[in-house]
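Report on the structure given below.
The values are calculated or read from the model by the stated rules, or taken from the named source; none is laboratory data. Since the structure is predicted, the reported quantities are computational estimates derived from the model, not experimental observations. Cβ atoms come from the backbone with ideal geometry, glycine included; neighbour counts cover every protein chain shown.
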Amino acid sequence: DWTMPDFIGEAIARIRAQVGDEEVILGLSGGVDSSVAAALIHRAIGDRLTCVFVDNGLLRLNEAEQVMATFARNLGVKVIHVDASERFLSALAGVADPEQKRRIIGRIFVEVFQEEAAKLPRARWLAQGTIYPDVIESAGGKTKKAASIKSHHNVGGLPETLNLKLLEPLRELFKDEVRELGIALGLPHDMVYRHPFPGPGLGVRILGEVKREYADTLRQADAIFIDELRRADWYDKVSQAFAVFLPVRSVGVMGDARTYEHVIALRAVQTQDFMTAHWAELPHALLAQVSHRIINEVAGVNRVVYDISGKPPATIEWE
Ligand code: XMP
């Protein structure tokens, strides 16, 4: 019978046996899987793990600070924080097509990661937070998600381009077990129970061309939405929630002045498997509060709309 303390003990022994006295590198995204993998491997080999956190300019508000606080400061994990936002954003300039944006973000990520790996010549292992559902997905070939019309991998190509052995200590775990493990390893509840966040980040939540100014606006609106969901105790009742930046302008009025500003769409869904989803029936008072705060606090936005589309036919993300 499976217990968490047994699992941790065995996993640590296995990691130590595999890695020996070699060093490991891991791409930390701030998501649940890579975070739990980092905490577990750190428990096993301490300073012989180096994490690389790449800021692509498309992260949520204060994401980098939170990751650094949790891992570098609280857990004492070695984390290299790479601010590559300028590089990502300039590569994205003028690009509007969603799949092309994904490819660019994926490619630059691999380049940046490779450059960081080259600075760690003693690293022999690439650790990844691959979990059991990911394993079945790639073994099964044409599973539903693999056949999806969107390219879903932000780190695709990483193992192939680096001459490193793969370390995947979560390969046998389901998501709920990964979460339980994260808690047992001392990760914060909010990190372990956070909604999924796509690899291309805000890059696919800013429709069309990505600009730093749009990303800054969207980050603020998104943070307000998430903050209000948490306060109203709705965060854990939805599977995913976020704001989307619409690069169109509509007319509004502020005092006696006419405004002509951008639109923010809110999306919140409930789903079991992310293959189909219902839009969440959030209380009107909550939506009103979010709208009020975004329009008053976020410069450049004068209108907020709520997405009432199911999947299918809409997807969860807008791109
Ligand atoms: P869709 O929009 O296809 O999203 O209904 C289903 C789930 O997948 C996530 N998603 C992505 N995750 N890279 C990722 O890592 C991507 O390019 C990507 N596109 C969508 C989405 O956030 C949702 O959880």
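Quick notes
- Residue within segment 248-261 that is more than 12 Å from the ligand (Cβ to nearest atom), closer than 22 Å to LEU229 by Cβ and at pLDDT 95 or above present: no
- Scope segment 195-211; condition surrounded by 18 or more Cβ atoms within 10 Å (Cβ to Cβ), in a loop (DSSP other than H, G, I, E, B), more than 7 Å from the ligand (Cβ to nearest atom) and not hydrophobic (A, V, I, L, M, F, W, C); matching residues: ARG205
- Pick from segment 271-306, criterion within 16 Å of the ligand (Cβ to nearest atom), surrounded by fewer than 17 Cβ atoms within 10 Å (Cβ to Cβ) and in contact (Cβ under 8 Å) with a residue 40 or more places away in the chain, ranking: farthest from ALA232 (Cα to Cα): MET275
- ALA221 satisfies every condition listed in (1) surrounded by 22 or more Cβ atoms within 10 Å (Cβ to Cβ); (2) under 22 Å from GLY310 (Cα atoms) except (2).
- Verdict on VAL244 being under 20 Å from SER291 (Cβ atoms) and either out of contact with any Pro (no Cβ under 7 Å at 6 or more places or on another chain) or without any contact (Cβ under 8 Å) to a residue 12 or more places away in the chain (or both): yes
- The residues listed here are ALA265, ALA280; of these, the one that is modelled with pLDDT of 95 or more, within 14 Å of LEU207 (Cβ to Cβ) and not aromatic (Phe, Trp, Tyr) is ALA265.
- Residue among LYS165, LYS145, LYS175 that is within 13 Å of the ligand (Cβ to nearest atom) and modelled with pLDDT of 55 or more: LYS175
- Taking the criterion of being surrounded by 17 or more Cβ atoms within 10 Å (Cβ to Cβ) and closer than 18 Å to GLY186 by Cα, the residues of segment 46-67 that qualify are LEU49, CYS51, VAL67.
- Residue count, segment 16-32 (criterion: touching a residue at least 60 places away in the same chain (Cβ under 8 Å), surrounded by fewer than 21 Cβ atoms within 10 Å (Cβ to Cβ) and assigned to a helix (DSSP H, G or I)): 2
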